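Some notes on the structure that comes next.
The values are calculated or read from the model by the stated rules, or taken from the named source; none is laboratory data. Since the model is a prediction, treat every value here as computed from it, not as a measurement. Using ideal geometry, Cβ is built from the backbone for each residue, glycine included, and neighbour counts are taken over all protein chains shown.
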Amino acid sequence: MTQHFQRPGDPLFTQRTPRVVAASKLHRRRDREKAGRFLAEGPQAVREALAAGAVRDIFVTEDGRRRHRDLLHGASSAHFSVVTDDAMAALADTVTPQGVIAVCDLRDVPLDAALASRPKLVAVAVEIRDPGNAGTILRTADAAGATAVVFAGDAVDPYNPKCVRASAGSLFHLDVVRAPDATAALAALRGAGLRTLATSGYGATDLDDLLDDGSLAQPTAWLFGSEAHGLPDELRDAADAAVRVPIHGRAESLNLAAAAAVCLYASARAQRSR
């Protein structure tokens, strides 16, 4: 396929320009896997992608080029193209695009490489399917000081546009691991010296008790199950402990993202207090 590169004075790229067509295909998982690339939409995601050295191409509208001039000033290592509003709409996953999108290299890190740095806090998303929740877990794990997020089993693609957007740039700060065999991943985490804690509304261990006895200060991998079914029984039973988040009011439960935030920050506080 012939590549179209812009020169000063050239017309704007349209949604039919080959570079735009190729990039728009990255909305589909199979095309992301084949190309080894994904889309990061909006100035925050593009800024973090540039800082991480992950950007291959940038597409920007005329208005976006004016609004994000400072951001694009740091894009000298990436080829960026000015596109029509229609082309941006074809590339974007949002109803109202912010005028800038980057094509980035996939960020996958093998599990053994992520564990080689002896992490103290890891989040493990087991068979979660909602990309918004996945992105929120990435963002929360990053904020809590975790160094890796493992997508275990048949989990959502972390490079789904909604997941990338919900991560608010944190996707570029963490080791992103995809581990199809969740049981093997659990064994590897334990082998690296991490205590494995499975979240469950019916867990025998109360999170407050772990905070009180100081055990959350040790290196920990938190396991979070799918929105609909929670963790598989065999994985919950194989973990070092099944932990419930105490409910002090009348709410039936916490949603996945909220429970992940409570658990990760409990570990972060304990580890920093120590």
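Within segment 242-274, the residues that satisfy the criterion of being charged (D, E, K, R) and in a helix (DSSP H, G or I) are 269, 272.
Within segment 34-90, considering only strands (runs of 3 or more DSSP E) that don't extend past its boundaries, which have at least 1 residues that are polar (S, T, N, Q) and in contact with a Pro (Cβ under 9 Å, 6 or more places away or on another chain)? Steps first, answer last, please.
Working: elements: 37-41, 55-61, 79-83.
Of the strands (runs of 3 or more DSSP E) lying wholly inside segment 34-90, those with at least 1 residues that are polar (S, T, N, Q) and in contact with a Pro (Cβ under 9 Å, 6 or more places away or on another chain) span 55-61.
Regarding segment 216-234, can at least one residue be identified that is more than 30 Å from residue 50 (Cα to Cα), among the aliphatic types (A, V, I, L, M) and modelled with pLDDT under 95? Scanning segment 216-234 turns up at least one residue that is more than 30 Å from residue 50 (Cα to Cα), among the aliphatic types (A, V, I, L, M) and modelled with pLDDT under 95.
Scanning segment 223-241 for residues that are in contact with a helix residue (DSSP H, G or I) (Cβ under 9 Å, 6 or more places away or on another chain) and in a helix (DSSP H, G or I) yields a total of 3. Per the listing 262, 243, the residue uniquely free of Cβ contacts under 8 Å to residues at least 60 places away in the same chain, among the aliphatic types (A, V, I, L, M) and touching a Gly at 6+ places or on another chain (Cβ under 8 Å) is 243. Taken together, the residues in segment 70-128 that are surrounded by fewer than 21 Cβ atoms within 10 Å (Cβ to Cβ) and among the small types (Gly, Ala, Ser) amount to 11.
Filter segment 46-76 down to residues that are farther than 9 Å from residue 99 by Cα and either among the hydrophobic types (A, V, I, L, M, F, W, C) or in contact with a strand residue (DSSP E or B) (Cβ under 7 Å, 6 or more places away or on another chain) (or both), then give me how many there are. Can you show your working first?
Step one: of segment 46-76, the residues farther than 9 Å from residue 99 by Cα are 46-58, 66, 69-76.
Then drop every residue that is not either among the hydrophobic types (A, V, I, L, M, F, W, C) or in contact with a strand residue (DSSP E or B) (Cβ under 7 Å, 6 or more places away or on another chain) (or both), which leaves 46, 49-52, 54-58, 71-72, 75.
Number satisfying all stated conditions: 13.
From the list 12, 39, the one residue that fits, being modelled with pLDDT under 95 and in contact with a helix residue (DSSP H, G or I) (Cβ under 9 Å, 6 or more places away or on another chain), is 12.
All told, residue 105 meets the bar of being of a type in the set (Asp, Glu) and under 28 Å from residue 182 (Cβ atoms).
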